[in-house]
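The values are calculated or read from the model by the stated rules, or taken from the named source; none is laboratory data. What you are looking at is a predicted structure, and each value in this text was computed from that prediction instead of being measured. Ideal geometry is used to build each Cβ from the backbone, glycine not excepted, and the neighbour counts take in all protein chains shown.
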């Protein structure tokens, strides 16, 4: 039985991850944590920690995990470049799964987007995402990952070639551009679409989540997979074997 620490326990995802742990026969709850509490004490009885709290907590979480030699599954999004660098550095000493989305369906969407972009790279590519009105960051981590996949295949640069919304007289759309559009409203768990458009036709790849449990159960799956892995930085694509 893998003993799991769940951080951000007062949040919606923290509560859902707790339920996913309790439903998985190969895992059990070791402890929980909220920002402001003693993370070292919370991590002590656990074999691994699953974090869906806030990106600003990541440095403290990493330092504690490295000190105790505990693996991590990180599901928070919105990290700064410095926070991402800290995750990469910590992964030299402990195994870490770091993903913008732990849904099996969404990770299949990442894979399909890579394949479709290779075929349709000359099409106009737009990414649309929608989430509930409580979400703090935009675009979503999943939408950013989708854009990064497109950039990797096409040779575009995320910082230079992604257009976040459009307003005013922006001129004709250049072909070497990725449109990014974030919508917020209601209780939408998460909708993501990658659209490929050209004269005469349009192709759309869409994933819609109706329950946070799909993300939570995927995170627990990642934690179980990570149990015997050496230090390193892994993604959900590794967990699912898409990179084999």
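Quickly run through the stretch 37-56 and pick out the residues that are farther than 21 Å from residue 230 by Cα, modelled with pLDDT of 95 or more and either in a strand (DSSP E or B) or out of contact with any helix residue (DSSP H, G or I) (no Cβ under 6 Å at 6 or more places or on another chain) (or both).
Quick first cut of the stretch 37-56, residues farther than 21 Å from residue 230 by Cα only: 37-42, 52-56.
Add one more test, that the residue is modelled with pLDDT of 95 or more, and what stays is 37-42.
Scanning the stretch 37-56 gives 37, 38, 41, 42.
Could you figure out which of (1) in the same structural domain as residue 16 (by TED's automatic domain parsing); (2) over 18 Å from the mean Cα position of the chain (by Cα); (3) surrounded by 15 or more Cβ atoms within 10 Å (Cβ to Cβ); (4) more than 19 Å from residue 223 (Cβ to Cβ) isn't true of residue 63?
(3)
Looking at (1) buried (at least 18 other Cβ atoms within 10 Å of the Cβ); (2) over 20 Å from the mean Cα position of the chain (by Cα), which is the one condition that is false for residue 197?
Condition not satisfied by residue 197: (1).
Out of the residues in the stretch 211-226 that are within 14 Å of residue 238 (Cα to Cα) and over 14 Å from the mean Cα position of the chain (by Cα), which is surrounded by the most Cβ atoms within 10 Å (Cβ to Cβ)?
Residues of the stretch 211-226 within 14 Å of residue 238 (Cα to Cα): 218-219, 221-226.
Filter once more, keeping what is over 14 Å from the mean Cα position of the chain (by Cα): 221, 223-226.
On the way: 221: 21, 223: 29, 224: 17, 225: 18, 226: 22.
It comes out as 223.
Just need a number here: residues in the stretch 1-17 that are in a helix (DSSP H, G or I), surrounded by 16 or more Cβ atoms within 10 Å (Cβ to Cβ) and out of contact with any helix residue (DSSP H, G or I) (no Cβ under 8 Å at 6 or more places or on another chain). Spell out how you get there, then give the answer.
Quick first cut of the stretch 1-17, residues in a helix (DSSP H, G or I) only: 12-17.
Filter once more, keeping what is surrounded by 16 or more Cβ atoms within 10 Å (Cβ to Cβ): 13-17.
Remaining after also requiring out of contact with any helix residue (DSSP H, G or I) (no Cβ under 8 Å at 6 or more places or on another chain): 14-15.
Going through the stretch 1-17 one residue at a time, the tally reaches 2.
Are any residues in the stretch 90-101 at pLDDT 95 or above and either out of contact with any helix residue (DSSP H, G or I) (no Cβ under 8 Å at 6 or more places or on another chain) or in a loop (DSSP other than H, G, I, E, B) (or both), and if so, which ones?
If we filter the stretch 90-101 for residues that are at pLDDT 95 or above, which is where we start, we get 90-98.
Matches in the stretch 90-101: 91, 92, 93, 94.
Report, by residue number, each residue of the stretch 21-53 that is in contact (Cβ under 8 Å) with a residue 60 or more places away in the chain and closer than 20 Å to residue 134 by Cβ. Reasoning before the result, please.
Here is the first cut: in the stretch 21-53, the ones in contact (Cβ under 8 Å) with a residue 60 or more places away in the chain are 21, 23-24, 26-27, 47-48, 50, 52.
Passing the criteria: only 52.
Considering the stretch 21-36 alone, what residues qualify as being out of contact with any strand residue (DSSP E or B) (no Cβ under 9 Å at 6 or more places or on another chain), part of a loop (DSSP other than H, G, I, E, B) and either at pLDDT 95 or above or buried (at least 18 other Cβ atoms within 10 Å of the Cβ) (or both)? Write out each step before concluding.
The first filter runs over the stretch 21-36 and keeps only residues out of contact with any strand residue (DSSP E or B) (no Cβ under 9 Å at 6 or more places or on another chain), leaving 23, 25, 36.
Subsequent filtering for residues that are part of a loop (DSSP other than H, G, I, E, B) retains 25, 36.
25 - this is the single residue of the stretch 21-36 that is out of contact with any strand residue (DSSP E or B) (no Cβ under 9 Å at 6 or more places or on another chain), part of a loop (DSSP other than H, G, I, E, B) and either at pLDDT 95 or above or buried (at least 18 other Cβ atoms within 10 Å of the Cβ) (or both).
Please give the number of the condition residue 60 fails out of (1) assigned to a loop (DSSP other than H, G, I, E, B); (2) at pLDDT 95 or above.
Of (1) assigned to a loop (DSSP other than H, G, I, E, B); (2) at pLDDT 95 or above, only one is false for residue 60: (1).
If you scan the stretch 69-83, which residues turn out to be in contact with a helix residue (DSSP H, G or I) (Cβ under 9 Å, 6 or more places away or on another chain) and either without any contact (Cβ under 8 Å) to a residue 24 or more places away in the chain or within 17 Å of residue 158 (Cα to Cα) (or both)?
Within the stretch 69-83, 77, 78, 79, 80, 82 meet the criteria.
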